[in-house]
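Enquirer: Below are the structure tokens for one structure; questions will follow.
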Amino acid sequence: MKVIIYWKNNEANKLYQKVNKILKELDYEEFIKIEKDSSDNLKKELNITQEPALIIEEETIDFKDLIFEGIIPETNDIKTMFLSLNWNSTVSSCSTSSCSSCNVWC
């Protein structure tokens, strides 16, 4: 799974830093990657009309969705979003080979 920050202005850097910090706090950075993208293709694909934008992508099931656009959400809103992904409390101790046994997306 990855988080994509649609990136065409300086406000997006604040969102990128906030999400990156939250992933580290939750010990999810091994399982959720974060990247920046400023391509017009992404903007068209997801019909992004405001910046910055936060997108969740799950490549294994070919899923991509625009979650937030035009705002920098509160820290608790972002944390709640990640926690609602049905992560098991053992996520930090899982290895890639054991993800299916602890119900974690990898």
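The values are calculated or read from the model by the stated rules, or taken from the named source; none is laboratory data. Owing to the predicted nature of the structure, the values given are computational and were not obtained by experimental measurement. Neighbour counts are summed over all protein chains in view; Cβ atoms, including those assigned to glycine, are modelled from backbone coordinates with ideal geometry.
For (1) under 11 Å from the mean Cα position of the chain (by Cα); (2) at pLDDT below 90, each residue gets a yes or a no:
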residue	(1), (2)
K8	no, yes
K21	no, no
E29	yes, yes
I32	yes, no
I71	no, no
T80	no, no
S95	no, yes
S101	no, yes
W105	no, yes
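Enquirer: Could you grab the pairs with beta carbons closer than 9 Å, sequence gap of 6+ or different chains, first residue in the range 48-70 and assigned to a strand (DSSP E or B), second one of a type in the set (S, T, Y)?
Expert: A53/Y6; L54/Y6; I55/Y6; L66/Y6; E69/Y6; E69/T49
Enquirer: For the range 1-47, give me each residue that is among the small types (G, A, S) and part of a loop (DSSP other than H, G, I, E, B). So that I can check it myself, show each step before the final result.
Expert: Keep residues of the range 1-47 that are among the small types (G, A, S), which gives 12, 38-39.
Listed by number, the residues that qualify are S38, S39.
Enquirer: Okay, next question. It is to be established whether one or more residues within the range 39-59 are modelled with pLDDT under 90 and surrounded by 13 or more Cβ atoms within 10 Å (Cβ to Cβ).
Expert: Among the residues of the range 39-59, at least one is modelled with pLDDT under 90 and surrounded by 13 or more Cβ atoms within 10 Å (Cβ to Cβ), which makes the answer yes.
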